[in-house]
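*Asks:* To start, I am sharing the structure in question, which I have written as structure tokens.
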């Protein structure tokens, strides 16, 4: 399985799908295992090690919306004080917090390559939806 931690120069020009997340997240682990079982090559971008480029977050906010990206169920959200949580009411208030604490982003975010438009973005792990989006297995990919 090809795993890399560098991003392409643009959020929509990757030749492979990119899975964004943190390696110790249970949902990310499930997603990565699902891709490995199918022999699907992808790039992995670790939020903890590499942060999240502003241009990538801005693209996601435009394509997906801040409410879909903000993980209000996770421990990072629960650790925020009530005043901070109450201030997150729109894109402009969510953006700096998501940049500062990428663990607040629902995971994984996947930029699927090969869609008719060039790419498709998804948030969270959904095996049924992913079955329609995942490119065919890569010949010779390590599994």
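FYI, it's all coordinate maths here, none of it is from the lab. No experiment lies behind these values; they were computed from the predicted model shown.
*Asks:* Tell me, what are the semi-axes, in whole angstrom and largest first, of the equivalent ellipsoid of segment 20-125 as set by the roots of 5 times the Cα gyration tensor eigenvalues?
*Replies:* On the way: eigenvalues 120, 54, 24 Å².
Its equivalent ellipsoid spans semi-axes of 25, 16, 11 Å.
*Asks:* So what is the relative contact order of segment 72-132, in percent, for Cα pairs below 8 Å that sit 6 or more residues apart? The partial results should precede the final answer.
*Replies:* On the way: 38 pairs, mean separation 13.4, N = 61.
After rounding, I find 22 percent.
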